[in-house]
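Enquirer: Below you'll find the structure I mean.
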Amino acid sequence: MRFPDGFLWGAATAAYQIEGAVSEDGRGPSIWDTFSHTPGAVLRGDTGDIACDHYHRWPADLDLLSSLGVNSYRFSVAWPRVLPTGDGDVNIKGLDFYDRLTDGLLERGITPMVTLYHWDLPQGLQDRGGWASRDTAFRFADYVQVVHQRLADRVPYWLTLNEPYCSAFVGHLDGTHAPGLRDERVAVTALHHLLLGHGLAVQALRAGGVTGQVGITCNLTSVRAASTDPADEEAARRLDLHENRMFLDPLFRGEYPLDAVAQYGDLDFVRDDDLAVISAPLDYFGINYYERHAVRASPADPVRGWERVPPAEPTLTGIGVDPRGLREILERVHRDYTSLPLVVTETGLALHDYVGPDGEVADDERIAFFDGHVRAAHEALANGVPLFGFFPWSFLDNFEWASGYGVRYGLYYVDYATQERRPKRSAAWYQQLIRANGAAR
Ligand code: FCB
């Protein structure tokens, strides 16, 4: 198994999950500050107030990335650092941070991949309706323009949004992520405005004379019916709509799927030309992969009509491990939606890692997880998918949203009391994989 020369072996993080320093240098509050400080919203009341303190420790963290051997690093820019209330005056100190980070990466020979929105909407915009308000899409494009002006000369890969599914449905329907709403109509409206914001951001990047590649990252799932019973097949179709087609169809075909109206009701918030904006050509497409699941009809839930079949061996987050889904998704996207270059912008495994008496963090299950997923990615490549990179989630253990610090995903273990970082076994494994560019280990 060998990957093409120049293949991007990276690691991924997001601002709110690692930075901390939430009120420093003029940063404004985001919906995740509000949500994490809401009693009961996050496991054990954890917040991102300190997180990995990366805002202060970034030079040492970049040195760790160097020793890991990655040639790329995916991080996100916090909108509320750049525009503390969402619009209005630019906070230069916020931009300075990402400027230093970008230079620090380049000095170490690491290619930056910048996510412009990884869920930390400025609270000021939420107070004016958040993503349920059409105006937020335009404010996003303004913010993107500001970041772009500062970093465009050095950033070769841009991603507009991370996982619009989670922003829309986990945040506005399940209610387990910020802003914690539970309303399907609002969720689907937010979904549309997120995608519109993406399209307007692409325009802003192109208008700014972008030098880098422009893309978006979606989390996609591999869905199959639990049986050949037509009711289960219908359930699988609906879940596939909800998790995949509601994003892929507008982005790559310029239309919402025909069955969307039956599922969600009239999409009357869509205006003329929106879909042309949303489907403007991209340079590459990012995929986050975590789930492959069987689905069956659920008479108990007539509205959605489906339920996921619980996996035989659930992980800490309740999902199964199944690398086949990664290959299936890569091949499906390539076959049915786009010939664009693809990149795995995230995949990873949650564990209760701990430092053993010998000082080691023996995360052998994570090694097996990544080994399987790297192999699945390689199979997709061998089958003609133009895959150009793989970014494990995550570089460091960090604030895992509603799970707080209760689960760990990092290649590096973080002791939150001392902020000490320690490479897990998986980091050593990954270092070798990178050195050999995937060759047999
Ligand atoms: C993804 C998120 C990322 C991280 C992983 C585990 O949905 O994009 O921030 O939380 O899940």
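Enquirer: Students often check this: by mean Cβ neighbours within 10 Å, which of 314-323, 427-436, 299-308 ranks highest, and how do the rest follow?
Expert: Numbers: 314-323: 15.9, 427-436: 17.7, 299-308: 13.2.
Ranked by mean Cβ neighbours within 10 Å, highest first: 427-436, 314-323, 299-308.
Enquirer: Can you compute the charge dipole magnitude of the range 98-138 about its Cα centre, using +1 on each Lys and Arg Cβ and -1 on each Asp and Glu Cβ, nothing else charged? Give it in debye, rounded to the nearest 20.
Expert: For the range 98-138, the charge dipole is close to 100 debye.
Enquirer: Arranged from highest to lowest average of other beta-carbon atoms within 10 Å per residue, in what order do the peptides 156-162, 11-17 appear?
Expert: Top of the packing list down: 11-17, 156-162.
Enquirer: Based on Cβ point charges of +1 for Lys and Arg and -1 for Asp and Glu, what charge dipole magnitude is obtained for the range 8-436 about its Cα centre, in debye rounded to the nearest 20?
Expert: 600 debye
Enquirer: Just to confirm a number: summing +1 for Lys and Arg and -1 for Asp and Glu over residues other than residue 254 whose beta-carbon lies under 15 angstrom from that of residue 254, what do you get?
Expert: Charge balance in the 15 Å sphere: -3.
Enquirer: In addition: If the only charges are +1 at each Lys and Arg Cβ and -1 at each Asp and Glu Cβ, what is the size of the charge dipole of the range 304-441 around the Cα centre, to the nearest 20 debye?
Expert: On the way: 15 positive and 19 negative charges, 81 e Å.
The dipole magnitude comes to about 400 debye.
Enquirer: Percentage of Cα-Cα pair distances in the range 8-436 greater than 33 Å, rounded to whole percent? The partial results should precede the final answer.
Expert: Numbers: 26389 of 91806 pairs.
Everything past 33 Å amounts to 29 percent.
Enquirer: Once phi is turned into ³J(HN,Hα) by the Karplus curve 6.51 cos²θ - 1.76 cosθ + 1.60 with θ = phi - 60°, what whole-Hz value does each residue of the range 405-418 show in order, with x for glycine and proline?
Expert: Per residue, the Karplus-derived 3J(HN,Hα) values read 9, x, 10, 10, 10, x, 7, 10, 7, 10, 8, 5, 6, 10 Hz.
Enquirer: Separate question: When the helices in the chain are scored as -39500 (n - 2.57) per DSSP H run of 4 or longer and the sum is shared across all residues, what 222 nm value do you end up with, to the nearest 500 deg cm²/dmol?
Expert: Value at 222 nm, helices only, nearest 500: -10500 deg cm²/dmol.
Enquirer: Okay, moving on. I need the phi-derived Karplus couplings for the range 144-157: 6.51 cos²θ - 1.76 cosθ + 1.60, θ = phi - 60°, integer Hz, Gly and Pro marked x.
Expert: 4, 4, 5, 5, 4, 4, 7, 10, 4, 6, 10, 9, x, 10
Enquirer: In the chain, if the dipole is taken from +1 on Lys/Arg beta carbons and -1 on Asp/Glu beta carbons about the Cα centre, which of 31, 58, 298 is farthest to the positive end?
Expert: 58
Enquirer: In addition: Just want the answer: with Cβ charges of +1 for Lys and Arg and -1 for Asp and Glu, which residue in 130, 288, 106 is farthest toward the dipole's positive end in the chain?
Expert: 106
Enquirer: Give the residue list of trypsin sites (Lys or Arg not before Pro) in the range 1-79 that are DSSP loop and have at most 12 other beta-carbon atoms within 10 angstrom.
Expert: 2
Enquirer: Would you work out which of 70, 203, 221 lies farthest towards the positive end of the dipole of the chain? Charges go on Cβ: Lys and Arg +1, Asp and Glu -1.
Expert: Looking along the dipole axis, the top candidate is 70.
Enquirer: Related question: On full extension of the chain, what length is gained from residue 253 through residue 355, given 0.36 nm per residue of separation minus the C-alpha to C-alpha distance?
Expert: Length gained, residue 253 through residue 355: 31.9 nm.
Enquirer: Additional query: Do you know the relative contact order of the range 8-436, to the nearest whole percent, from alpha carbon pairs under 8 angstrom that are 6+ apart?
Expert: Reported relative contact order: 17 percent.
Enquirer: Provide the gained length on full extension for the span residue 300 to residue 50, in nm with one decimal, where the gain is 0.36 nm per separating residue minus the Cα-Cα distance.
Expert: On the way: separation 250, 0.36 × 250 = 90.00 nm, distance 4.19 nm.
Value of the extension gain: 85.8 nm.
Bear in mind that the values in this text are calculations on the coordinates, not laboratory data. Note that the structure is a prediction, hence the values are computed from the model and not measured. Here the Cβ is made from the backbone with ideal geometry for all residues, glycine too, and neighbour counts use every protein chain on show.
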